[in-house]
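First comes the structure, then the notes that go with it.
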């Protein structure tokens with residue numbers, strides 16, 4: 001079981017990576033074999049290179065994200081991450 005402090009630290013690092021879009025910040029969040037799910041019917045982004053490439057290809061402006069679920073390894077990196085992007089009708 002992951003404790004709350006570990007999750008809060010990971011989410012803080014996630015927010016830093018999302019704001020910076022720095023490949024090293026992104027890579028530091030995930031295990032080398034991580035899977036990053038972006039939708040219920042989408043194939044996950046896989047591994048450091050795949051996650052960084054797709055993250056940067058789909059980068060948002062600062063302040064446009066929220067995070068509700070992570071599954072972390074004992075060392076605090078994500079083994080599995082689920083992000084289901086839902087565009088709000090008034091955000092277009």
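The values are calculated or read from the model by the stated rules, or taken from the named source; none is laboratory data. Keep in mind the model is a prediction, meaning the values are calculated, not measured. No Cβ is skipped: glycine too gets one built from the backbone with ideal geometry, and neighbour counts run over all protein chains shown.
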| Residue selected from segment 40-49 under the condition at pLDDT 95 or above and either within 12 Å of the chain's Cα centre (by Cα) or closer than 11 Å to residue 80 by Cα (or both), by the criterion surrounded by the most Cβ atoms within 10 Å (Cβ to Cβ) | 45
| Scope segment 7-18; condition over 12 Å from the mean Cα position of the chain (by Cα) and either surrounded by 16 or more Cβ atoms within 10 Å (Cβ to Cβ) or at pLDDT below 90 (or both); matching residues | 7, 8
| request: Starting from segment 3-25, take each residue that is outside any helix (DSSP H, G or I) and list its partners that are surrounded by 14 or more Cβ atoms within 10 Å (Cβ to Cβ), counting only C-beta distances under 8 angstrom and pairs at least six apart or across chains. | output: 21/55
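What are the residues in segment 34-69 that are touching a helix residue (DSSP H, G or I) at 6+ places or on another chain (Cβ under 6 Å), outside any helix (DSSP H, G or I) and touching a residue at least 12 places away in the same chain (Cβ under 8 Å), if any? Steps first, answer last, please.
Pass one, segment 34-69, residues touching a helix residue (DSSP H, G or I) at 6+ places or on another chain (Cβ under 6 Å): 36, 45, 48, 52, 55, 62, 65, 67.
Keeping just the survivors that are outside any helix (DSSP H, G or I) gives 36, 45, 62, 65, 67.
The answer is 36, 62, 65, 67.
From 30, 37, which residue is at pLDDT 95 or above and under 12 Å from residue 70 (Cα atoms)? Walk me through how you get there before you give the answer.
On the way: 37 fails: at pLDDT 95 or above.
Result of the check over 30, 37: 30.
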